[in-house]
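Take a look at the structure set out below.
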């Protein structure tokens, strides 16, 4: 009974992951990271960036986009290929290989994101860096509050 439940759960999760990846692949605005134009506008407004800083950051973001485009495409292709393999069977080895491949691609994307963040921070003045850290802390605090609210709603609904 438990084995059957585990297999069904694994299949459902694999299908859900595949569908999620397919939705992300179909919507060009839902890429890894942010839409760069909007992010630059927000940074300009919140941090009072100079024209020179805006130009430098725009170039950094364009370079990051070029570096990550093949990775994002690989992530989408891998997920789409996996979502096409829904035949009701479960092969632990195949699922692990898929998960490891996706994890490796995500690792590379995260490395590029952090590299880009470091390059952008090097363009900012010390005051702008401080303000940026404050904004990030506020964003994280709001995210944690939303997660707690969602968790509380789920607990209420499951009762």
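A few notes on this one:
- All conditions but one from (1) over 20 Å from residue 113 (Cα atoms); (2) surrounded by 12 or more Cβ atoms within 10 Å (Cβ to Cβ); (3) at pLDDT below 80 apply to residue 34; the one that does not is (1).
- Whichever residue in the range 117-153 is in contact (Cβ under 8 Å) with a residue 60 or more places away in the chain and within 21 Å of the chain's Cα centre (by Cα) and, among such residues, is farthest from residue 47 (Cα to Cα): 120
- Residue satisfying condition, being surrounded by 12 or more Cβ atoms within 10 Å (Cβ to Cβ), at pLDDT 95 or above, on the phi < 0 side of the Ramachandran plot and in a helix (DSSP H, G or I), within set 129, 107, 115: 115
- Cβ pairs under 7 Å, 6+ apart, first in the range 71-89 and in the same structural domain as residue 99 (by TED's automatic domain parsing) and more than 20 Å from residue 110 (Cβ to Cβ), second modelled with pLDDT of 75 or more and surrounded by 12 or more Cβ atoms within 10 Å (Cβ to Cβ): 82/98
- Entry remark, the range 74-101: residues being surrounded by fewer than 12 Cβ atoms within 10 Å (Cβ to Cβ) and part of a helix (DSSP H, G or I) number 4 in total.
- A single entry from 71, 49 fulfils the requirement of being outside any helix (DSSP H, G or I) and at pLDDT 55 or above: 49.
The values are calculated or read from the model by the stated rules, or taken from the named source; none is laboratory data. What you are looking at is a predicted structure, and each value in this text was computed from that prediction instead of being measured. Counting neighbours? That spans all protein chains shown, and the Cβs are built from the backbone with ideal geometry, glycine included.
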